[in-house]
Each structure stands twice: as C-alpha cells, then as structure tokens.
Amino acid sequence: MTTPREFDARACSNATARPWSWDPSESLFARTLFLHAHPDDEAIQAGGLTALLTAAGHRVSILTCTRGEEGEAVPGTLPAGAGEAELVAQREAEITRARAILGVADGWWLGTAPALAPGAAPRRYRDSGMSWIAPGVAGPAPSAGPGAFSRADLSAEIADARALVAHVRPTVIIGYDAAASYGHPDHVRVHDLAGALGRVTGIPVLELASTPGQAGWCYRS
C-alpha cells in the first residue's frame, strides 16, 4: 500500500481513519464494491472515480440501498401527475443506464438477493427523505417512518450487505465519511453500514472525504 500523504486531517477526523494517497491501478481495487444510498449517487458522489477504476481494468460493483422514493422529479422528466411508482421506475431505469456508462459490472438493491440475508424474506429499505437544517446541511425528514433506511434495523441491513459481500468477494469497500457529503440521513447510514461491514469482514473500507477543497480519502484499517 502506498505511503499516506499529508493533507488537512479534518477530512479524516475519526481516530480510526487516516489520510491516504492512492494509485488507481493498485490491486486493492481489483474488485471494488461501492455502497450508495440512492439512485444518482453513483454518478453525483463518485461517477468520475467509478469510471477511472473501471477504465483501469478493475471489476466495480454497486450496492444501492434505496430506490429514492422521496426524490424530487425535475420538471419534464415525468408526465404531469406522475406518482411515486413512476418516479421509482424512472430512477431504476436511470441507474441501470448510469452503471452501463460508468462501466460497472454489477448493481444490486439492498434487501434483494443476493444482497439479502440467508433465509430472510425480500425487503425494501425506503428513502428517508431529508430536510435542510442549515445551509448545505441536511437532516431527516419528519415523515420518515420505521421502514426508512436510516431508521430501519441496522443489524438487518448489515446481514443483507454481508450476503452480497460473500457473493462479490470485494477487495475493498467504498462508502462515505461521517459527514456524508452534506449530511443526508441515508448517506450517514451508508457510512455506518460500510464501517460495520469492514469490522465484521476485515475488508478495507475507503471513505470519500466530504471536507470542501480536500482531495483524497479516509482509510480505515
């Protein structure tokens, strides 16, 4: 592994994390598993990185944890009066196309086999929604119920994700840092989920740093 380079430690404020310099051709990325909260995060949060890794010849997979039910439909993307079912169908179609453009090998939904704990019935984790609690900082939506991804049983989510890890056998897991880009509760839960997976599987976890202006990663051994 390459030697860590120096940059503002605020990007890796957790005591178990450290700044890390990387080479995209490194064998650590041979089988990369991204964890994302919603359809579109694969492009917005890490599209360039994903394309870079696939172009380097690595096998990249994506686990998406919700179908983005609480997302906002941009005018013109759906017919007037379209409801949640149409929004979800559109987002599912968009993520399928996005994965193809980025060169991603496989994509799955958390709670759907093979990202489902052995013996468990299929389950869907719902988008938690969000509300702005400060400029550029999100918090949970007041309407988020117990089935929302950020409020569901974390142990069940870990069990589902572990089933996919056994299927994919990734060499590295990539998620978000504790700030989770802008604090969306589902992104924060992805941070929690990725960290838990690293602890129970021993697979290295890399976190995309949220601090503005800071290039690089947080690495958790």
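The values are calculated or read from the model by the stated rules, or taken from the named source; none is laboratory data. What you see is a predicted model; the values in this text were computed from it and never measured. Note that we place each Cβ from the backbone using ideal geometry, even for glycine, and neighbour counts take in every protein chain shown. Protein only, heavy atoms only, side chains kept; ligands, DNA and RNA dropped before computing areas. Shrake-Rupley method; radii C 1.70, N 1.55, O 1.52, S 1.80 Å.
Listed values, structure above:
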read-out	value
Near pairs, Cβ below 8 angstrom, 6+ apart or cross-chain, from the stretch 63-78 (in contact (Cβ under 8 Å) with a residue 24 or more places away in the chain and of a type in the set (A, V, I, L, M, F, W, C)) to any residue that is open to solvent by 20 Å² or more (accessible area, probe 1.4 Å) and part of a loop (DSSP other than H, G, I, E, B)	none
Pair list, Cβ under 7 Å, 6 or more apart: the stretch 85-110 residue in contact (Cβ under 8 Å) with a residue 12 or more places away in the chain and over 15 Å from L49 (Cα atoms), other residue open to solvent by less than 30 Å² (accessible area, probe 1.4 Å) and of a type in the set (F, W, Y)	L110/Y125
Residues satisfying the stated conditions in the stretch 150-167, i.e. touching a helix residue (DSSP H, G or I) at 6+ places or on another chain (Cβ under 6 Å) and at pLDDT 95 or above	E157, I158, A161, V165
Options D127, D153: the member that is within 29 Å of A85 (Cα to Cα) and within 17 Å of the chain's Cα centre (by Cα)	D127
Scope the stretch 1-29; condition at pLDDT 85 or above, surrounded by 14 or more Cβ atoms within 10 Å (Cβ to Cβ) and more than 16 Å from L102 (Cα to Cα); matching residues	E26, L28
Output for the stretch 77-98, where each listed residue is open to solvent by 80 Å² or more (accessible area, probe 1.4 Å) and more than 17 Å from the chain's Cα centre (by Cα)	P79, A80, G81, E84, E86, R97
